[in-house]
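Here is the structure we will look at, set down as structure tokens.
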Amino acid sequence: MDATEISPYCPRFQRAVEVIGRRWTGAVVRALMTGSRRFSEIADTVPGISDRLLSERLKELEAEDIVERVVVPSTPVRVDYRLTAKGRELVPVFEALGAWSERWIPLPAGTE
């Protein structure tokens, strides 16, 4: 894409960045990219996120129709979270961002 084809400001783009750019949201979406997940599995995959904040992010992603909450009628009742079609369309975006980060973003000290 040529830089002349991009307008300096796009409200849709800005909104998209705000939706997926909130703290921990990217990590939650990335955790869900491998398939349905239970709350505890997502919490285990995203180190440092509190249960309260994970719950908040999942509700926000549900409201944006990026994640769906599926109640499985079993004993005990099981709740799974998975990406919707809209959420699955983010996979190539996250893959591209992952490739960019591998090239340009150094690992934080002590995480190698």
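What follows is calculated from the coordinates using simple rules that are stated; it is not laboratory data. Remember, it's a predicted structure, so these values are computed and weren't measured experimentally. Cβ sites come from the backbone with ideal geometry, for glycine too, and all protein chains shown count toward neighbours.
Points worth noting:
- Here VAL72 meets the list (1) surrounded by 13 or more Cβ atoms within 10 Å (Cβ to Cβ); (2) in contact with a strand residue (DSSP E or B) (Cβ under 6 Å, 6 or more places away or on another chain) almost entirely, failing just condition (1).
- Selection count where residues are closer than 18 Å to THR45 by Cβ, small (Gly, Ala, Ser) and over 12 Å from the mean Cα position of the chain (by Cα), scope region 78-112: 2
- Close pairs from region 75-103: first without any contact (Cβ under 8 Å) to a residue 12 or more places away in the chain, partner assigned to a strand (DSSP E or B), Cβ under 8 Å, at least 6 apart: VAL77/VAL71
- TYR81 satisfies every condition listed in (1) in a helix (DSSP H, G or I); (2) surrounded by 12 or more Cβ atoms within 10 Å (Cβ to Cβ) except (1).
- Residues that are surrounded by 15 or more Cβ atoms within 10 Å (Cβ to Cβ) and in contact with a strand residue (DSSP E or B) (Cβ under 8 Å, 6 or more places away or on another chain) were ranked within region 38-57; the one that is farthest from ARG82 (Cα to Cα) is THR45.
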